[in-house]
Amino acid sequence: MTHLDAGTTFVRVRGRERRLRTVRVDGREVVVTGRLVRVAALRDEWYADLEGVDRLAAALRLARAGADVFTFPCRPPDGPDPAAHLRETENCAAIELRGYDHWWTRQIGSKTRALVRKAERAGVTLRVVPLDEVLLRGIQEIYDESPVRQGKPFWHYRRSLAELQRIHETFPDRSEFVGAYLGDELVGFVKLVYAGATANTMHIIARLSRRELPVSNALIAKSVAVASARGARLLVYDRFDYGGGSGDSLLQFKRHNGFERLEYARCWVPLNARGRLALALGLHRGLAARLPPRVRRGLAALRGRWYAVQRRSRARGTSGGVVDGAPP
């Protein structure tokens, strides 16, 4: 017999904690989001085991769990067979791992190899490190360099050590940290989380004050070596693209470091009549997802300019001084 409990939980979404409705089915936590269309998904779905999704969907449907549709990704390279469900294509940036030497000689070009060597010549060393207070203080220094990253407010700016501990201690049994050091100074780090045959970069960031050093390239190189040694078949770095142009700097960074676009299926299962209608009308992803890519890029550019105006306004302050919390 299926055991189901309903409740709420706090989930971190884009750097902020939100209270969301949850349903626990046979010990597996399902989070329900959305207003127009209520979508159920396993919490931390990319890292969750996806066996028995048909049974899980049936339990949610019969229990009237407050959701209209149930969704799950068919995580590459060996996701479950989604033949019986509505399928939509998503993508991730992935390196097919065949060992470090193969990546070094076959999957990256001479420019990227030169950047990794440059970091080595500058004295940057890389090693797997434990999540302790020393690492957390180094992470905090990197995070507090700027309230803005990639043109957007940075979620982790001026977080306490306790908050950083909670953020980074997830998946303790299948994650590891790679630190990049210049002497004793942490100049960058990456958190690798293993799920199935994938190694995933949950966090990767470099110190802005050391931007003359190709720290991020060195971190990717070490991640390839570490993940290959663990037997992972893919190194995954978020999405490959979001329908934008090829000039995006992060996209170019991924290309140069051997990441390729890998497509996989996202499955959607209606749980009631409202869900069937939402899937038929294409409303299950929200209205913003229906906008053409060119419109989304334009809106993103407007958002970046708006954030820049806000930063300048806060920096000036109402009396011409520097507002507390703004960079000097």
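Nothing in this text is a laboratory measurement; each read-out follows from the coordinates by a stated rule. This is a predicted model, so every value here is computed, not measured. Note that we place each Cβ from the backbone using ideal geometry, even for glycine, and neighbour counts take in every protein chain shown.
Subtracting the Cα-Cα distance of R106 and R174 from 0.36 nm times their residue separation leaves 21.6 nm of extension gain. Each peptide in 261-269, 170-178 was scored by the mean count of other Cβ atoms within 10 Å over its residues; highest first, the order is 261-269, 170-178. Each Lys or Arg adds one and each Asp or Glu takes one away; over the other residues whose Cβ falls under 14 Å from the Cβ of R261, this sums to -4. Please work out the C-alpha center-to-center distance from region 198-271 to region 135-180 and express it in whole Å. Computed from Cα coordinates, the inter-centre distance equals 18 Å.
Extension gain, R230 to R285, is 16.3 nm, computed as 0.36 nm per intervening residue step minus the present C-alpha separation. Between L131, G179, V215, the Cα set farthest toward the positive side of the dipole of region 98-232 (charges on each charged residue's Cβ, about the Cα centre) is that of V215. Under 5 Å from the amide H of H203 lie the amide H atoms of K191, each residue being 5 or more positions distant or on a separate chain, with H modelled from the backbone and absent for Pro and chain starts. Each label point was placed 7 Å from the Cα along the Cα-to-Cβ direction; for E141 and K118 their separation is 2.3 nm. Using the Karplus relation 6.51 cos²θ - 1.76 cosθ + 1.60 with θ = phi - 60°, the per-residue 3J(HN,Hα) values for region 155-171 come to 4, 9, 5, 6, 8, 6, 4, 5, 5, 5, 4, 5, 5, 9, 8, 5, 6 Hz, with x marking Gly and Pro. For the pair A63 and H256, the difference between a 0.36 nm per residue extended length and the Cα-Cα distance amounts to 64.6 nm. Each residue, A162 and R28, gets one label point 7 Å from its Cα in the Cβ direction; the gap between the two is 3.5 nm.
Summing Lys and Arg as +1 and Asp and Glu as -1 over all other residues whose Cβ lies under 15 Å from the Cβ of D173 gives a net charge of -1.
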